[in-house]
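This report concerns only the one structure given below.
The values are calculated or read from the model by the stated rules, or taken from the named source; none is laboratory data. Quick caveat, the model's predicted, so the values are computed rather than measured. Heads up, the Cβs are rebuilt from the backbone with ideal geometry, glycines too, and the neighbour counts pull from every protein chain shown. Note: areas computed on protein heavy atoms with side chains; ligands, DNA, RNA excluded. Shrake-Rupley method; radii C 1.70, N 1.55, O 1.52, S 1.80 Å.
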Amino acid sequence: MIVAEQKPLDEILSALGASERVLLVGCHGCVTVCAAGGEKETEQLARLLRVAGKTQGKKISVETVTIERQCDPEFIEPIAAQAHEHQAVLSLACGAGVQLMAERLGSIAVLPALNTLFLGVAEEKGTWVERCQACGDCKLHLTGGICPVTRCAKSLMNGPCGGSSAGHCELDPELACGWQLIIDRLEALGQLDQYEKILEPADWSRARHGGLRKVNREDLK
Amino acid sequence: MKAGSNLEKVLAAGHFAVTAECGPPRGADPEQVRKKTPFLKGFIDACNVTDNQTSVVRMSSLAGSMILAENGIEPLMQMVTRDRNRIALQSDVLGASALGVRNLLCLSGDHQTFGDDPEAKNVHDIDSIQLLDLVRMMRDEGKFPSGKELKGAPKLFLGCAVNPFADPYDIRVPRLALKVAAGADFVQTQCIYNIDKFERYMADLRQRGLHEKVAVLAGVTPLKSAGMAKFMKRNVAGMDIPDEVIKRISSVGKKEQPQLGIDMCIELIERLKGVEGVRGVHVMAIEWEEKVEEIVSKAGLLPRP
């Protein structure tokens, strides 16, 4: 999922500026799962903004709505009229959701309430960890299901470097060496021979370096 | 001859090679490089010029290499993949060869968070193994990796670095095999203090026949003090300094420790000379270049061929 976290309240208030009628829009997608921008978090933030408005002597009127997904126009359309009754929309979606809302709602300011962090997994309750950088050229079948681009601090395709020590990365004794993980997994899979093949330079044009990425599926049109 | 460097000739003639290291200055003053040259000229076969080591900004390795060459020392230019993408790396490889550099060491480079600019982006478009392969292809096939013809192939004797003491141990020899397959002609090792573990590494390396494919230059760094040994053991990942080494350097007073460090380094070189497959030493006397002559001389390695 996309993992995000809420911005500091001061930053949100500063972005809202003089807006007094604000619509907070939550998202039932990834940010609900990582407890950053679901219905619950949207209501919580609304309460905080009302209290902050009072202490600052402002009359902030806050309404809330949480939609299925902010990254899909079909769910944005139904709240367009409601949004235009306000001076600003504060979106609790990821950066993709904020942008599609801004694009679709046109003449009203859409502001982000979250910082979008990474594509990750829930490691345990309350802990999310990065696993994928969406490089567009997946090599997981060659690396025992562990991503060298994400898990190695240098994104080495042929690691580990000399800084691997007792399973840890030299950057941080708490951080696992991604390549140690890969080697351990390859060994467990009986695929250590895979390590003896040089991985070619990656095609980074399939990552963000190639410009805006797009998927066009004629079969779905 | 692949490149015709002095280092390549010394190794091809079967001599025990000696390389040293020179870090360019943190400024634009060429005198800082020149003043180190009398301590090295005539005592070594080639001198590594580091490429922003530990991610601290320094004069470029190419400029440092040229200043050494002007002063009669063959440069061994280091190149890391941290700061340049494949376009800049290829371009600098061509430029270095055009200016007469004949030895190149391909590295990934220390992570930028260790230096003064931890906010910097690390490039790592390609890694050190892929860089070896890229330069080997340009040199031997006269082609760019894109397949286009080169007008004049670069002449570079290619090296890599290995750390036999990093984890996991089991892939350390296979990892060198990858670097040799990619194009490494010689390898310089991390500094050796645990000679027993290094001898095990060399035995494993010989078992795969790698000693016949790549010239191993064993890395040594003289200890200046017991404090330095303890600091390196504690703070440098993959640095293996056995307790008995620390005990020995600590056994004399602080004033005598530098000389004992030099003597221990000479003893180590004597032992390394007897290890099958070790074709030379890489003396990394960090900010202590004035001791290189004494070490090389007392280790019986002068005069140089």
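Two-decimal Rg/Rh of region B:105-190 from alpha-carbon positions, Kirkwood Rh?
1.03
Given a cut-off of 32 Å, what percent of all Cα-Cα pairs of chain A lie beyond it?
36
Considering the Cα trace of region B:192-241, what is its radius of gyration and what is Dmax, both in angstroms?
Every Cα atom of region B:192-241 included, Rg and Dmax give 13.5, 39 Å.
Between rounded, prolate and oblate, where does region B:255-305 land on the alpha carbon gyration tensor, with a ≥ b ≥ c its root eigenvalues, rounded for a/c under 1.5, else prolate if a/b exceeds b/c?
prolate
Pick from A:L156, A:L92, A:L23 the residue whose mean-square fluctuation is largest in a GNM of chain A, springs joining Cα atoms under 10 Å.
Checking each option, the largest mean-square fluctuation is seen for A:L156.
Using helices alone, I'd like the mean residue ellipticity at 222 nm for chain A: each DSSP H run of four-plus residues gives -39500 (n - 2.57), total over residue count, nearest 500.
Using -39500 (n - 2.57) per qualifying helix, the result is -7500 deg cm²/dmol.
Enumerate the amide H contacts of B:N48 below 5 Å, restricted to partners 5 or more residues apart or on another chain; note that Pro and chain-start residues carry no placed amide H.
Placed amide hydrogens put B:A20, B:E21, B:C22, B:L76 under 5 Å from B:N48.
Nearest 500 deg cm²/dmol is fine: what mean residue ellipticity at 222 nm does chain B get from its DSSP H runs of n ≥ 4 alone, each adding -39,500 (n - 2.57), divided by its residue count?
-11000 deg cm²/dmol
Could you tell me the largest-minus-smallest coordinate of the C-alpha atoms of region A:138-206 on each of the three principal axes, in descending order and whole angstroms?
Largest to smallest, the principal-axis extents are 31, 30, 17 Å.
Using a probe radius of 1.4 Å on protein heavy atoms only, what is the accessible area buried between chains B and A, both sides summed, to the nearest 100 Å²?
2400
Which whole-Hz ³J(HN,Hα) couplings does region A:128-145 yield from phi under the Karplus relation 6.51 cos²θ - 1.76 cosθ + 1.60, θ = phi - 60°, glycine and proline marked x?
Going residue by residue, I get 10, 10, 5, 9, 9, 10, 6, 6, x, 8, 5, 10, 4, 5, 9, 10, x, x Hz, with x marking Gly and Pro.
Name the long-range amide H neighbours of B:A17: under 5 Å, sequence gap of 5 or more, or other chain; modelled H, no Pro or chain starts.
Residues meeting the amide H criterion: B:G280, B:V281.
Collect residues whose amide H, placed 1.01 Å from N in the peptide plane, falls under 5 Å from the amide H of A:R131; neighbours closer than 5 in sequence don't count.
A:L119, A:G120, A:V121
Can you tally the net charge around A:E5? Count Lys and Arg as +1, Asp and Glu as -1, for every other residue whose Cβ sits under 14 Å from the Cβ of A:E5.
-2
With N set to the number of residues, divide the alpha-carbon radius of gyration of region B:7-156 by 2.2 N^0.38 Å and report two decimals.
With N residues counted in region B:7-156, Rg over 2.2 N^0.38 Å equals 1.06.
Please tell me the relative contact order of chain B in percent, rounded to the nearest whole number, where contacts are Cα pairs under 8 Å and at least six residues apart.
20
So what is Rg over Rh here for the protein assembly as shown, counting just Cα atoms and using Kirkwood for Rh?
1.08
Can you spot the lysines whose alpha carbon is less than 26 Å from B:K148's alpha carbon? Ignore those fewer than 8 places along the same chain.
Correct list for B:K148: A:K197, B:K2, B:K179.
Would you mind checking the pairs A:K54/A:K125; B:K230/B:K291; B:K35/B:K233; A:K214/B:K143 and listing those with alpha carbons more than 27 angstrom apart?
Result: A:K54/A:K125; B:K35/B:K233; A:K214/B:K143 exceed 27 Å.
Aspartates and glutamates near A:K139 by alpha-carbon distance under 18 Å, same-chain residues fewer than 8 away left out - which ones?
A:E130, A:D184, A:E187, A:D193, A:E196, A:E200, A:D203, B:D125, B:D127
First check a/c for region A:2-118, with a ≥ b ≥ c the square roots of the eigenvalues of its C-alpha gyration tensor; if it is under 1.5, answer rounded, and if not, answer prolate when a/b is larger than b/c or oblate otherwise.
Taking the square roots of the gyration eigenvalues as a ≥ b ≥ c, region A:2-118 is oblate.
Helix A:39-55 against the longest principal axis of chain A: what's the angle in degrees, Cα atoms only, rounded to the nearest 10?
The helix A:39-55 is inclined about 50 degrees to chain A.
I'd like the distance separating the alpha-carbon centroids of region B:104-175 and region A:150-221, in whole Å.
Comparing the Cα centres of region B:104-175 and region A:150-221, I get a distance of 17 Å.
Only protein chains counted, 1.4 angstrom probe. Which residues of region B:225-245 are at least 30 Å² less accessible in the assembly than when their chain is isolated?
B:A237
Restricting to bridges with both residues inside the protein assembly as shown, how much of the DSSP beta-bridge set is antiparallel, in percent to the nearest 5?
Of all bridge pairs located within the protein assembly as shown, approximately 25 percent are antiparallel.
Going by Cα centres, region B:258-305 and region A:1-34 are how many Å apart?
Computed from Cα coordinates, the inter-centre distance equals 63 Å.
With just the Cα atoms defining each centre, how far is region B:1-59 from region A:67-87? Give it in Å.
Centre-to-centre distance over Cα atoms comes out at 65 Å.
List the lysines whose Cα sits under 16 Å from the Cα of B:K121, skipping any in the same chain fewer than 8 residues away.
A:K154
Could you give the radius of gyration (one decimal) and Dmax (whole number) of the Cα atoms in chain B, in Å?
Rg, Dmax (Cα atoms, Å): 18.6, 62.
For region B:156-182, state which residues have at least 50 Å² less accessible area in the presence of all protein chains than in their chain by itself, taking the probe as 1.4 Å and leaving out ligands, DNA and RNA.
Hits at the 50 Å² cut-off: B:D167, B:P168, B:I171, B:R175, B:L178.
Enumerate the calculated ³J(HN,Hα) couplings along region B:147-154 in order (Karplus 6.51 cos²θ - 1.76 cosθ + 1.60, θ = phi - 60°), each rounded to whole Hz, writing x wherever the residue is Gly or Pro.
Result, rounded to whole Hz: x, 6, 6, 8, 8, x, 7, x.
Would you mind finding the longest exposed-site-free stretch of chain A, with exposed GluC sites (Glu not before Pro) meaning DSSP loop and at most 16 other Cβ atoms within 10 Å?
The answer is A:86-221.
Going by accessible area, probe 1.4 Å, with all protein chains left in place, what is the ranking of B:H282, B:H211, largest first?
Largest to smallest exposure gives the sequence B:H211, B:H282.
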